[in-house]
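The values are calculated or read from the model by the stated rules, or taken from the named source; none is laboratory data. For clarity, every value in this text was computed on a predicted model and none was experimentally measured. Here the Cβ is made from the backbone with ideal geometry for all residues, glycine too, and neighbour counts use every protein chain on show. Surface accessibility is based on the protein's heavy atoms, side chains included, excluding ligands, DNA and RNA. Shrake-Rupley method; radii C 1.70, N 1.55, O 1.52, S 1.80 Å.
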Amino acid sequence: MAKKVVFSDQSIIQNRERGIVNRVKIMHFISRIVKVNLLKTLLIMFRFSRNQISSFIIGWNTIVRVKKTAVISVCPEGRLTIGMNEVNGKKTIVLLDHYANFHISGKVSVFNGCKLSVGENATLSIGDNTYINESSRITAVERITIGDSCAISWDVTIIDSDMHSIIEDSKPKIHTAPISIGNKVWIGANVLILKGVTIGENVVIAAGTLVNRDIPDNSLVMGNPMKIVKSSIQWEL
């Protein structure tokens with residue numbers, strides 16, 4: 001004779017809760033997959049990191065143009081997420097010229113509407129747990145290095161070159177110099193960072209600041225011209 005199984009009210013409630021949690025997880029997974037351009041993600045992954053299954057996540061509204069001699073490298077267990085939070089239909093653009101190097105040292109997110117451009121023989125390096133918010137632009141003609149745990153707000157411009165020739169002694173010359181941004185730097189909205197600048201660690205750059213000279217560690221800076229308004233600060237990501 002088969003035994004009668006009796007479920008308590010508590011076990012029924014727990015089963016229902018598990019079912020709800022599982023459905024939410026599935027819906028979240030599907031919604032994320034729908035936003036991912038699987039073909040583009042797989043093509044980039046196959047070209048640059050065949051042994052790292054989840055090294056790239058590329059959104060639908062994203063343009064990635066990489067010359068044959070360019071390289072995108074992602075460290076073990078790192079991930080580059082591009083254009084996954086679509087807002088107002090803005091495209092996210094990544095351009096790598098001949099022999100360009102784009103290095104990711106951990107988990108990095110590039111939000112909607114950004115443009116990353118790495119010129120011929122140039123290098124762009126971004127550290128772990130760093131994100132670049134909407135509509136920001138980074139242009140590397142020589143070298144731009146961004147450290148770990150950096151928060152880059154919207155409409156930020158970082159550029160290591162004047163881009164056009166300046167005539168000196170009747171000889172045209174394009175002034176280019178590398179930019180180095182340390183770990184844990186908070187860059188506010190509409191900040192402009194120009195060539196040749198070294199920014200220390202644990203720095204806060206207020207919105208609208210023009211950065212055209214070096215910033216020491218643990219500083220709060222603001223303004224145009226830029227001024228150091230506080231030293232020995234701390235901030236949380």
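Among (1) in a loop (DSSP other than H, G, I, E, B); (2) at pLDDT below 95, there is one condition GLY208 misses while meeting the rest; what is its number?
(2)
Scan (1) under 14 Å from ILE187 (Cβ atoms); (2) β-branched (Val, Ile, Thr); (3) in contact with a helix residue (DSSP H, G or I) (Cβ under 8 Å, 6 or more places away or on another chain) for the single condition ILE72 breaks and write down its number.
(1)
Residue pairs, Cβ under 6 Å, 6 or more apart or interchain, first in segment 73-97 and in a strand (DSSP E or B), second modelled with pLDDT under 90 and among the aliphatic types (A, V, I, L, M). List them.
As it stands, the answer is THR81/ILE57; ILE82/ILE58, since those pairs meet every condition given.
Among the numbered conditions (1) among the aliphatic types (A, V, I, L, M); (2) modelled with pLDDT under 95; (3) farther than 26 Å from ILE93 by Cα, tell me where ILE174 comes up short.
(3)
Which of the numbered conditions does ALA151 fail, given that it passes all the others? Conditions: (1) touching a residue at least 60 places away in the same chain (Cβ under 8 Å); (2) open to solvent by 10 Å² or more (accessible area, probe 1.4 Å); (3) aliphatic (A, V, I, L, M).
(2)
Can you tell me which residue among LEU220, LEU237, LEU192 is open to solvent by less than 70 Å² (accessible area, probe 1.4 Å), of a type outside the set (Phe, Trp, Tyr) and either under 20 Å from the mean Cα position of the chain (by Cα) or under 23 Å from LYS107 (Cα atoms) (or both)?
Exactly one of LEU220, LEU237, LEU192 is open to solvent by less than 70 Å² (accessible area, probe 1.4 Å), of a type outside the set (Phe, Trp, Tyr) and either under 20 Å from the mean Cα position of the chain (by Cα) or under 23 Å from LYS107 (Cα atoms) (or both), namely LEU192.
Does segment 145-160 contain at least one residue that is aliphatic (A, V, I, L, M) and farther than 21 Å from LEU95 by Cα?
yes
When the residues of segment 157-173 are filtered to those that are among the β-branched types (Val, Ile, Thr) and surrounded by 10 or more Cβ atoms within 10 Å (Cβ to Cβ), which remaining residue is farthest from SER117 (Cα to Cα)?
Restricting to residues being among the β-branched types (Val, Ile, Thr) and surrounded by 10 or more Cβ atoms within 10 Å (Cβ to Cβ), the top hit is ILE166.
Kindly provide the set of residues from segment 60-72 that are part of a strand (DSSP E or B) and either crowded, with 16+ Cβ neighbours inside 10 Å or in contact with a Ser or Thr (Cβ under 9 Å, 6 or more places away or on another chain) (or both), ordered by number.
THR62, ILE63, VAL64, VAL66, VAL71, ILE72
Do you know which residues across segment 109-142 are part of a strand (DSSP E or B) and buried (at least 22 other Cβ atoms within 10 Å of the Cβ)?
VAL110, LEU116, VAL118, LEU124, ILE126, THR130, ILE132, ILE138, ALA140 - these are the residues of segment 109-142 that are part of a strand (DSSP E or B) and buried (at least 22 other Cβ atoms within 10 Å of the Cβ).
Given the condition under 26 Å from GLU77 (Cα atoms), free of Cβ contacts under 8 Å to residues at least 40 places away in the same chain and of a type outside the set (Ser, Thr, Tyr), answer yes or no: does some residue in segment 162-176 qualify?
Scanning segment 162-176 turns up no residue that is under 26 Å from GLU77 (Cα atoms), free of Cβ contacts under 8 Å to residues at least 40 places away in the same chain and of a type outside the set (Ser, Thr, Tyr).
When you go through (1) within 22 Å of ARG137 (Cα to Cα); (2) of a type outside the set (D, E, K, R); (3) open to solvent by 100 Å² or more (accessible area, probe 1.4 Å); (4) modelled with pLDDT under 90 one by one for GLY83, which number turns out not to apply?
(3)
Do the conditions hold for ILE181, that is, is it open to solvent by less than 10 Å² (accessible area, probe 1.4 Å) and on the phi < 0 side of the Ramachandran plot?
yes
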